[in-house]
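Engineer: What follows is a single structure, and I will ask about it in a moment.
The values are calculated or read from the model by the stated rules, or taken from the named source; none is laboratory data. The model shown is predicted, which means the values in this text are computed figures rather than measured ones. Note: ideal-geometry Cβ built from the backbone for every residue, glycine included; neighbour counts use all protein chains shown. Note: accessible area is taken over every heavy atom of the protein model, side chains too, but ligands, DNA and RNA are not part of it. Shrake-Rupley method; radii C 1.70, N 1.55, O 1.52, S 1.80 Å.
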Amino acid sequence: MNIFILTGAGISAESGLGTFRDKDGAWAKFDPMKLATPQGFRRAPDDVHHFYNMRRRDLKTAQPNAAHCALGRLEAGLAARGGELFLCTQNIDDLHERGGVRRVIHMHGELLKARCNHCGLATEWHDDLSVDLPCPDCRRAGGMRPHVVWFEEMPMYMDEIFDALVVSDLFVSIGTSGAVYPAAGFVQTARSAGIRTCEINLDPSENAQVFDERRYGPATELVPTWVDEILSGEMRVTRRRA
Ligand code: OAD
(Lines give C-alpha, C1' and ligand atoms only; values in the text may rest on other atoms or scores of the structure.)
Protein backbone atom coordinates (compact mmCIF):
# COMPACT_ATOMS: atom_id res chain seq x y z
CA MET A 1 0.00 0.00 0.00
CA ASN A 2 1.26 3.50 -0.86
CA ILE A 3 0.17 6.16 1.61
CA PHE A 4 0.47 9.92 1.07
CA ILE A 5 0.45 11.92 4.29
CA LEU A 6 0.21 15.70 4.55
CA THR A 7 1.08 17.14 7.96
CA GLY A 8 0.71 20.59 9.46
CA ALA A 9 1.53 22.46 12.65
CA GLY A 10 -0.98 20.41 14.70
CA ILE A 11 1.26 17.34 14.67
CA SER A 12 4.03 19.32 16.41
CA ALA A 13 1.72 21.14 18.85
CA GLU A 14 2.16 18.54 21.59
CA SER A 15 5.94 18.88 21.20
CA GLY A 16 5.52 22.48 22.37
CA LEU A 17 5.79 24.19 18.97
CA GLY A 18 2.90 26.58 18.45
CA THR A 19 0.43 26.37 15.58
CA PHE A 20 -0.53 29.36 13.42
CA ARG A 21 -4.32 29.76 13.49
CA ASP A 22 -5.32 28.36 16.87
CA LYS A 23 -6.36 30.77 19.64
CA ASP A 24 -2.76 31.18 20.85
CA GLY A 25 -1.21 30.59 17.42
CA ALA A 26 1.56 32.69 15.85
CA TRP A 27 -0.81 34.58 13.55
CA ALA A 28 -2.99 35.59 16.52
CA LYS A 29 0.05 37.41 17.96
CA PHE A 30 2.04 38.49 14.91
CA ASP A 31 1.20 39.86 11.49
CA PRO A 32 2.06 37.26 8.81
CA MET A 33 2.29 40.04 6.19
CA LYS A 34 5.16 41.59 8.16
CA LEU A 35 6.94 38.35 9.12
CA ALA A 36 6.21 35.84 6.38
CA THR A 37 6.31 37.69 3.05
CA PRO A 38 9.18 38.83 0.79
CA GLN A 39 8.01 42.48 1.19
CA GLY A 40 8.00 42.14 4.97
CA PHE A 41 11.59 40.90 4.81
CA ARG A 42 12.65 43.75 2.53
CA ARG A 43 11.04 46.33 4.85
CA ALA A 44 12.16 44.95 8.22
CA PRO A 45 14.71 42.13 7.87
CA ASP A 46 15.76 42.37 11.54
CA ASP A 47 12.19 41.68 12.71
CA VAL A 48 11.84 38.71 10.36
CA HIS A 49 15.20 37.28 11.45
CA HIS A 50 14.21 37.72 15.10
CA PHE A 51 10.91 35.83 14.57
CA TYR A 52 12.63 32.86 12.89
CA ASN A 53 15.61 32.96 15.30
CA MET A 54 13.17 32.50 18.20
CA ARG A 55 11.47 29.60 16.43
CA ARG A 56 14.87 28.01 15.67
CA ARG A 57 15.78 28.25 19.35
CA ASP A 58 12.45 26.68 20.39
CA LEU A 59 13.04 23.83 17.97
CA LYS A 60 16.35 22.96 19.64
CA THR A 61 14.57 22.07 22.88
CA ALA A 62 11.52 20.39 21.28
CA GLN A 63 11.33 16.61 21.01
CA PRO A 64 9.38 14.47 18.54
CA ASN A 65 6.14 13.18 20.06
CA ALA A 66 4.26 9.89 19.76
CA ALA A 67 2.65 10.97 16.48
CA HIS A 68 5.99 11.74 14.80
CA CYS A 69 7.40 8.42 16.05
CA ALA A 70 4.35 6.48 14.85
CA LEU A 71 4.92 7.83 11.33
CA GLY A 72 8.55 6.65 11.54
CA ARG A 73 7.17 3.21 12.39
CA LEU A 74 4.68 3.45 9.53
CA GLU A 75 7.37 4.23 6.94
CA ALA A 76 9.44 1.21 8.01
CA GLY A 77 6.38 -1.05 8.29
CA LEU A 78 5.06 -0.15 4.83
CA ALA A 79 8.51 -0.66 3.27
CA ALA A 80 8.73 -4.13 4.87
CA ARG A 81 5.39 -4.96 3.20
CA GLY A 82 6.47 -3.67 -0.21
CA GLY A 83 4.61 -0.37 0.16
CA GLU A 84 5.71 3.22 0.55
CA LEU A 85 5.07 6.29 2.68
CA PHE A 86 5.24 9.69 1.00
CA LEU A 87 5.39 12.21 3.82
CA CYS A 88 4.81 15.79 2.74
CA THR A 89 4.87 18.37 5.50
CA GLN A 90 4.06 22.06 5.67
CA ASN A 91 6.14 22.17 8.84
CA ILE A 92 9.59 23.69 8.83
CA ASP A 93 10.70 21.80 11.96
CA ASP A 94 12.75 18.59 11.80
CA LEU A 95 10.60 16.52 14.19
CA HIS A 96 9.52 14.03 11.51
CA GLU A 97 13.16 13.25 10.76
CA ARG A 98 13.95 12.94 14.47
CA GLY A 99 10.83 10.75 14.87
CA GLY A 100 12.38 8.27 12.45
CA VAL A 101 10.94 9.15 9.03
CA ARG A 102 13.76 8.87 6.50
CA ARG A 103 12.21 10.71 3.56
CA VAL A 104 10.41 13.97 4.38
CA ILE A 105 9.30 16.47 1.75
CA HIS A 106 9.30 19.96 3.27
CA MET A 107 7.03 21.89 0.92
CA HIS A 108 7.36 25.10 3.02
CA GLY A 109 11.12 24.76 3.52
CA GLU A 110 13.25 24.05 6.57
CA LEU A 111 14.03 26.17 9.59
CA LEU A 112 17.46 24.57 9.99
CA LYS A 113 18.59 25.83 6.59
CA ALA A 114 19.47 29.32 5.37
CA ARG A 115 19.62 30.62 1.82
CA CYS A 116 21.60 33.43 0.23
CA ASN A 117 19.48 35.83 -1.86
CA HIS A 118 22.62 36.81 -3.82
CA CYS A 119 23.94 33.40 -4.97
CA GLY A 120 20.97 31.14 -4.14
CA LEU A 121 22.93 28.63 -2.08
CA ALA A 122 20.88 26.85 0.63
CA THR A 123 22.96 25.55 3.47
CA GLU A 124 22.39 23.86 6.84
CA TRP A 125 21.98 26.53 9.54
CA HIS A 126 21.46 26.00 13.29
CA ASP A 127 22.35 29.43 14.70
CA ASP A 128 20.73 32.87 14.64
CA LEU A 129 20.62 34.71 11.32
CA SER A 130 21.16 38.46 10.89
CA VAL A 131 21.37 40.97 8.05
CA ASP A 132 25.11 41.53 8.40
CA LEU A 133 26.09 37.86 8.13
CA PRO A 134 28.07 37.00 4.99
CA CYS A 135 27.03 34.04 2.86
CA PRO A 136 29.38 31.08 3.55
CA ASP A 137 29.74 30.58 -0.21
CA CYS A 138 29.76 33.93 -2.08
CA ARG A 139 30.83 35.92 1.05
CA ARG A 140 28.41 38.80 0.33
CA ALA A 141 26.48 40.17 3.31
CA GLY A 142 22.83 41.26 3.45
CA GLY A 143 21.32 38.34 1.55
CA MET A 144 20.96 35.56 4.10
CA ARG A 145 17.35 34.52 4.77
CA PRO A 146 15.60 31.52 6.33
CA HIS A 147 15.16 28.72 3.76
CA VAL A 148 11.39 28.80 4.22
CA VAL A 149 8.50 29.54 1.89
CA TRP A 150 6.69 32.79 2.57
CA PHE A 151 3.23 33.88 1.42
CA GLU A 152 3.33 34.80 -2.30
CA GLU A 153 6.24 32.39 -2.87
CA MET A 154 5.94 29.03 -4.62
CA PRO A 155 6.04 25.98 -2.33
CA MET A 156 8.87 23.55 -3.03
CA TYR A 157 8.82 20.11 -4.76
CA MET A 158 5.33 20.56 -6.26
CA ASP A 159 5.92 18.27 -9.27
CA GLU A 160 7.21 15.47 -7.08
CA ILE A 161 4.30 15.96 -4.66
CA PHE A 162 1.55 15.75 -7.30
CA ASP A 163 3.25 12.76 -8.97
CA ALA A 164 3.22 10.88 -5.65
CA LEU A 165 -0.27 12.01 -4.68
CA VAL A 166 -2.08 10.69 -7.73
CA VAL A 167 -0.54 7.21 -7.51
CA SER A 168 -1.19 6.72 -3.79
CA ASP A 169 -3.83 4.37 -2.36
CA LEU A 170 -4.74 6.56 0.60
CA PHE A 171 -4.41 10.29 1.36
CA VAL A 172 -4.23 11.29 5.02
CA SER A 173 -4.13 14.84 6.33
CA ILE A 174 -2.85 15.29 9.89
CA GLY A 175 -2.87 18.46 12.04
CA THR A 176 -3.59 21.07 9.41
CA SER A 177 -6.37 23.66 9.26
CA GLY A 178 -6.81 23.40 5.49
CA ALA A 179 -6.49 27.17 5.21
CA VAL A 180 -3.41 27.44 3.01
CA TYR A 181 -3.21 26.44 -0.66
CA PRO A 182 -1.90 24.52 -2.50
CA ALA A 183 -1.72 22.02 0.40
CA ALA A 184 -5.38 22.58 1.27
CA GLY A 185 -6.31 21.43 -2.26
CA PHE A 186 -4.54 18.05 -2.09
CA VAL A 187 -7.68 16.36 -0.73
CA GLN A 188 -9.66 17.42 -3.82
CA THR A 189 -6.88 16.22 -6.12
CA ALA A 190 -6.88 12.88 -4.32
CA ARG A 191 -10.67 12.56 -4.57
CA SER A 192 -10.60 13.35 -8.29
CA ALA A 193 -8.06 10.54 -8.71
CA GLY A 194 -10.38 8.11 -6.89
CA ILE A 195 -8.17 7.91 -3.80
CA ARG A 196 -9.69 7.45 -0.33
CA THR A 197 -9.11 10.35 2.03
CA CYS A 198 -8.85 10.63 5.81
CA GLU A 199 -8.48 13.62 8.12
CA ILE A 200 -6.89 13.35 11.58
CA ASN A 201 -7.06 16.64 13.46
CA LEU A 202 -7.98 18.18 16.78
CA ASP A 203 -11.05 19.86 15.25
CA PRO A 204 -12.72 19.69 11.85
CA SER A 205 -10.57 21.56 9.31
CA GLU A 206 -11.91 24.09 6.79
CA ASN A 207 -12.47 21.33 4.22
CA ALA A 208 -13.47 18.55 6.64
CA GLN A 209 -16.63 17.71 4.70
CA VAL A 210 -14.58 16.61 1.68
CA PHE A 211 -12.87 13.71 3.51
CA ASP A 212 -14.22 10.15 3.40
CA GLU A 213 -13.14 9.51 6.97
CA ARG A 214 -12.57 11.91 9.89
CA ARG A 215 -10.98 11.33 13.27
CA TYR A 216 -10.83 14.12 15.86
CA GLY A 217 -8.59 14.38 18.91
CA PRO A 218 -4.93 14.95 19.82
CA ALA A 219 -2.43 13.67 17.25
CA THR A 220 -0.38 11.84 19.93
CA GLU A 221 -3.42 9.64 20.66
CA LEU A 222 -5.00 9.23 17.24
CA VAL A 223 -1.96 8.80 14.99
CA PRO A 224 -0.36 5.82 16.83
CA THR A 225 -3.75 4.04 16.90
CA TRP A 226 -4.32 4.67 13.21
CA VAL A 227 -0.79 3.45 12.36
CA ASP A 228 -1.40 0.25 14.36
CA GLU A 229 -4.60 -0.35 12.36
CA ILE A 230 -2.79 0.13 9.06
CA LEU A 231 0.15 -2.10 9.96
CA SER A 232 -2.00 -4.86 11.46
CA GLY A 233 -3.96 -4.98 8.22
CA GLU A 234 -7.15 -4.14 10.15
CA MET A 235 -7.78 -1.29 7.77
CA ARG A 236 -8.30 -2.34 4.17
CA VAL A 237 -8.03 0.45 1.66
CA THR A 238 -9.96 0.32 -1.55
CA ARG A 239 -10.10 2.98 -4.21
CA ARG A 240 -13.23 5.10 -4.20
CA ARG A 241 -13.79 4.43 -7.91
CA ALA A 242 -14.16 0.73 -8.68
P1 OAD B 1 -2.69 25.95 11.41
O2 OAD B 1 -2.27 26.67 12.64
O3 OAD B 1 -3.41 26.70 10.39
O4 OAD B 1 -3.59 24.69 11.81
C5 OAD B 1 -3.21 23.79 12.79
C6 OAD B 1 -4.27 22.70 12.93
O7 OAD B 1 -3.81 21.76 13.87
C8 OAD B 1 -5.62 23.22 13.43
O9 OAD B 1 -6.65 22.73 12.58
C10 OAD B 1 -5.75 22.60 14.82
O11 OAD B 1 -7.08 22.20 15.14
C12 OAD B 1 -4.87 21.38 14.71
N13 OAD B 1 -4.27 20.95 15.99
C14 OAD B 1 -3.86 21.72 17.02
N15 OAD B 1 -3.36 20.96 18.01
C16 OAD B 1 -3.46 19.67 17.58
C17 OAD B 1 -3.13 18.41 18.15
N18 OAD B 1 -2.58 18.30 19.37
N19 OAD B 1 -3.39 17.28 17.44
C20 OAD B 1 -3.95 17.38 16.19
N21 OAD B 1 -4.27 18.52 15.61
C22 OAD B 1 -4.04 19.66 16.29
O23 OAD B 1 -1.37 25.26 10.81
P24 OAD B 1 -1.14 24.67 9.34
O25 OAD B 1 -2.38 24.09 8.78
O26 OAD B 1 0.08 23.84 9.39
O27 OAD B 1 2.84 28.62 6.24
O28 OAD B 1 -0.80 26.00 8.56
C29 OAD B 1 -0.44 25.93 7.20
C30 OAD B 1 0.57 26.99 6.86
O31 OAD B 1 0.08 28.27 7.29
C32 OAD B 1 1.90 26.87 7.57
O33 OAD B 1 2.80 25.99 6.94
C34 OAD B 1 2.43 28.27 7.56
C35 OAD B 1 1.14 28.98 7.97
O36 OAD B 1 1.07 30.31 7.63
C37 OAD B 1 3.70 29.65 6.06
O38 OAD B 1 4.25 30.24 6.97
C39 OAD B 1 3.94 29.97 4.62
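Engineer: Within the stretch 5-55, take every residue that is aliphatic (A, V, I, L, M) and within 14 Å of residue 219 (Cα to Cα) and give me the one that is most open to solvent (accessible area, probe 1.4 Å).
Structural biologist: 13
Rundown of residues vs (1) within 16 Å of the ligand (Cβ to nearest atom); (2) part of a strand (DSSP E or B); (3) open to solvent by 50 Å² or more (accessible area, probe 1.4 Å); (4) closer than 25 Å to residue 200 by Cα, yes/no style:
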site	(1), (2), (3), (4)
101	no, no, no, yes
127	no, no, yes, no
132	no, no, yes, no
163	no, no, yes, yes
180	yes, no, no, yes
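Engineer: Sticking with this structure for a sec: Helices (runs of 4 or more DSSP H) wholly in the stretch 1-83 with at least 1 residues that are modelled with pLDDT of 95 or more, within 15 Å of the ligand (Cβ to nearest atom) and touching an Asp or Glu at 6+ places or on another chain (Cβ under 7 Å) - which ones?
Structural biologist: 10-13, 32-35, 38-43, 45-61
Engineer: Also: Taking the criterion of being open to solvent by 40 Å² or more (accessible area, probe 1.4 Å) and among the β-branched types (Val, Ile, Thr), would at least one residue in the stretch 223-231 satisfy it?
Structural biologist: yes
Engineer: Here is a list: 206, 199, 213. Which entry is among the acidic types (Asp, Glu) and open to solvent by less than 20 Å² (accessible area, probe 1.4 Å)?
Structural biologist: 199
Engineer: In addition: What are the pairs, 6+ residues apart or on separate chains, where a residue within the stretch 148-162 that is in contact (Cβ under 8 Å) with a residue 12 or more places away in the chain has its Cβ under 6 Å from a residue that is of a type in the set (Val, Ile, Thr)?
Structural biologist: Partner pairs satisfying both residue conditions: 148/92; 150/37; 151/37; 152/37; 155/149; 157/105.
Engineer: In addition: Where residues in the stretch 165-178 are of a type outside the set (D, E, K, R) and more than 8 Å from the ligand (Cβ to nearest atom), which of them is surrounded by the fewest Cβ atoms within 10 Å (Cβ to Cβ)?
Structural biologist: Ranking the qualifying residues of the stretch 165-178, first place goes to 167.
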